[in-house]
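The values are calculated or read from the model by the stated rules, or taken from the named source; none is laboratory data. Since the model is a prediction, treat every value here as computed from it, not as a measurement. Neighbour counts are summed over all protein chains in view; Cβ atoms, including those assigned to glycine, are modelled from backbone coordinates with ideal geometry.
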Amino acid sequence: MTSALFPRNFRKTYPEAVRGDGCYIVTADGRRILDAAGSAAVVSIGHGVAAVGQAMAGQAQHLAFAHTSQFQTAIAERLAARVLALAPPAFRKGGRVYFTSGGSEAAETALKLARQYFVERGQPQRVRMVARWQSYHGSTLGAMAVSGNTRRREKFLPMLPDWGHIAPCYCYRCPLGLKYPECDVACADELEKFVAGVAPETVAAFLFEPVVGATLGAVAPPLGTPNYVQRLADICRRHGILLIADEVMSGMGRTGIPFAVEHWGVTPDIILVGKGIASGYAPLGAVIVAPHVVDAIANGSAAFDHGFTYQMHPVSMAASHAVLDVLEERRLFERVAPMGAALLEALAPLRASPIVGDLRGMGLLIGIEFVRNAATREPFPSEANVAERIRLAALERGVAVYPTQGCVDGRAGDHILLAPPFILSNHEIQEIAQALQYAVTRVAEGMALTP
């Protein structure tokens, strides 16, 4: 049958999902697939929670939509207060929340907000939005401009402003050839060098993912001293640059606390939220804005020259309220760290495989990187499609994972991301571990690489 849908990939065949049940997605042919990727690190409370659907239906019957250029709603006001209560303490008195329809819109909003902040303050020369290579901040043009995912950028480069990128903090493959902690987090000082090279007064903001998600596969800075994230924050403060933490994937409890940036004791100026804020039940994102940024707009022109038709959509607000209710009532944030540790422990035997280079992560955001040579960390050539082979083999055993290429240089390098729902059980952990043991062994044998 001819499809009317425009798919992500015309050469792939996708199973038809018909129902969600806890950690599983049920397909039209009756298969129960364990969603070990959390559908791209989105699903936190699990699929098929009836209370969320009921809350959305109730809101739709009461008030489905009202445009924010003319109306405000109590349900959005209450949700903003709940989100601020999860944010670092400095946001809670005078901070504001700007709701969007997803993470890309949140990133786009933050870029324009940073720009207007400096215009309001009489510094219109600040136009640069700096970020890191091997990062991802969204698919819209502004978000893609700051993203450092080479493959996703390349077709659209003529359309993207070049504001500048610095090296990531990627200790397994340090871009500077150094080793922590002797390196004294020299990769953070790359920001200082960049700013000095372009003139500090032209830089508006620095965006970073505290834990890099899909592009690098759950890569986080070390938690010890010296403190990479604190160094970045100090550089930004010294030069009057806004620090934007992209927590679309790592936030809303994915690493065991509300926002991952707090692991390093840093409070940014803006936090981007998405994915887990509604656990996939409705499209929703948010920008959490610190009081001093709010005040620059409120006490200046008083109007943010930006907006989306569906921002603060009442039905999405209801979905997020219901999701937060589940997270709180079942104390799911508290499960993340111990279940993440249990999952890492169950996956540890994979390290014996000749194609597994690194196993890493925080909480329930875990990455497995595959290599051609574990001793030298030589990656497979991109045309070998190792991550996709792992995905397909795991799917044979009923487990869905998130494959990505390009972690080494934007092209070479294969890894998968695991980000299961917070309700994950010990039995499901074993299912994931067994499926990946099968997949890794099968792919290694296919590549003629065996222990």
Check on residue 207, crowded, with 23+ Cβ neighbours inside 10 Å and touching a Ser or Thr at 6+ places or on another chain (Cβ under 8 Å):
yes
Screening 71, 65 for residues that are among the aromatic types (Phe, Trp, Tyr), in contact (Cβ under 8 Å) with a residue 60 or more places away in the chain, closer than 22 Å to residue 287 by Cα and assigned to a loop (DSSP other than H, G, I, E, B) leaves only 65
Checked against (1) modelled with pLDDT of 95 or more; (2) in contact with a strand residue (DSSP E or B) (Cβ under 8 Å, 6 or more places away or on another chain); (3) farther than 17 Å from residue 417 by Cα, residue 353 satisfies every condition except (2)
Given (1) within 30 Å of residue 435 (Cβ to Cβ); (2) touching a strand residue (DSSP E or B) at 6+ places or on another chain (Cβ under 9 Å); (3) assigned to a helix (DSSP H, G or I), where does residue 109 come up short, assuming only one miss?
(1)
Residue 189: surrounded by fewer than 18 Cβ atoms within 10 Å (Cβ to Cβ), in a loop (DSSP other than H, G, I, E, B), in contact (Cβ under 8 Å) with a residue 12 or more places away in the chain and acidic (Asp, Glu), yes or no?
no
Please specify each residue of segment 1-37 satisfying the condition of being under 20 Å from residue 416 (Cα atoms), surrounded by 10 or more Cβ atoms within 10 Å (Cβ to Cβ) and not hydrophobic (A, V, I, L, M, F, W, C).
14, 15, 24, 35
So which pairs qualify, if the first residue must be in segment 328-351 and under 22 Å from residue 263 (Cβ atoms), the second must be assigned to a helix (DSSP H, G or I), the Cβ gap must be under 6 Å, and the two must be at least 6 apart or on different chains?
342/429; 343/429; 347/433
Just name the residue that is nearest to residue 431 (Cα to Cα) out of those in segment 2-26 that are in contact (Cβ under 8 Å) with a residue 60 or more places away in the chain and not β-branched (Val, Ile, Thr).
23
Condition check for residue 181: over 25 Å from residue 123 (Cβ atoms), touching a strand residue (DSSP E or B) at 6+ places or on another chain (Cβ under 8 Å), at pLDDT 95 or above and not aromatic (Phe, Trp, Tyr)
no
Those residues that are part of a helix (DSSP H, G or I), under 21 Å from the mean Cα position of the chain (by Cα) and within 13 Å of residue 221 (Cβ to Cβ), I need them from segment 155-186; list them, please.
171, 172
Please verify whether residue 298 is without any contact (Cβ under 8 Å) to a residue 40 or more places away in the chain and over 16 Å from the mean Cα position of the chain (by Cα), treating the condition exactly as stated.
yes
Residues of segment 213-225 being more than 17 Å from residue 262 (Cβ to Cβ) and either of a type outside the set (Gly, Ala, Ser) or assigned to a strand (DSSP E or B) (or both), which ones?
215, 216, 219
Matching residues in segment 198-232 - criterion: being closer than 29 Å to residue 401 by Cα and among the acidic types (Asp, Glu):
209
I'd like the residue in segment 264-282 that is part of a helix (DSSP H, G or I) and out of contact with any strand residue (DSSP E or B) (no Cβ under 7 Å at 6 or more places or on another chain) and, out of all such residues, is surrounded by the fewest Cβ atoms within 10 Å (Cβ to Cβ).
264
Name the pairs: first residue in segment 374-391 and within 17 Å of residue 409 (Cα to Cα), second residue in a loop (DSSP other than H, G, I, E, B) and aromatic (Phe, Trp, Tyr), Cβ to Cβ under 8 Å, at least 6 apart or on different chains?
386/380
What single numbered condition from (1) closer than 19 Å to residue 289 by Cα; (2) touching a residue at least 24 places away in the same chain (Cβ under 8 Å); (3) more than 23 Å from the chain's Cα centre (by Cα) fails to hold for residue 77?
(2)
Based on this model, can you work out whether residue 120 counts as out of contact with any helix residue (DSSP H, G or I) (no Cβ under 9 Å at 6 or more places or on another chain) and either surrounded by fewer than 24 Cβ atoms within 10 Å (Cβ to Cβ) or not assigned by TED's automatic domain parsing to the domain that holds residue 319 (or both)?
no
Restricting attention to segment 261-275, which residues are over 10 Å from the mean Cα position of the chain (by Cα) and either under 20 Å from residue 109 (Cβ atoms) or free of Cβ contacts under 8 Å to residues at least 60 places away in the same chain (or both)?
261, 264, 265, 266, 267, 268, 269, 270, 271
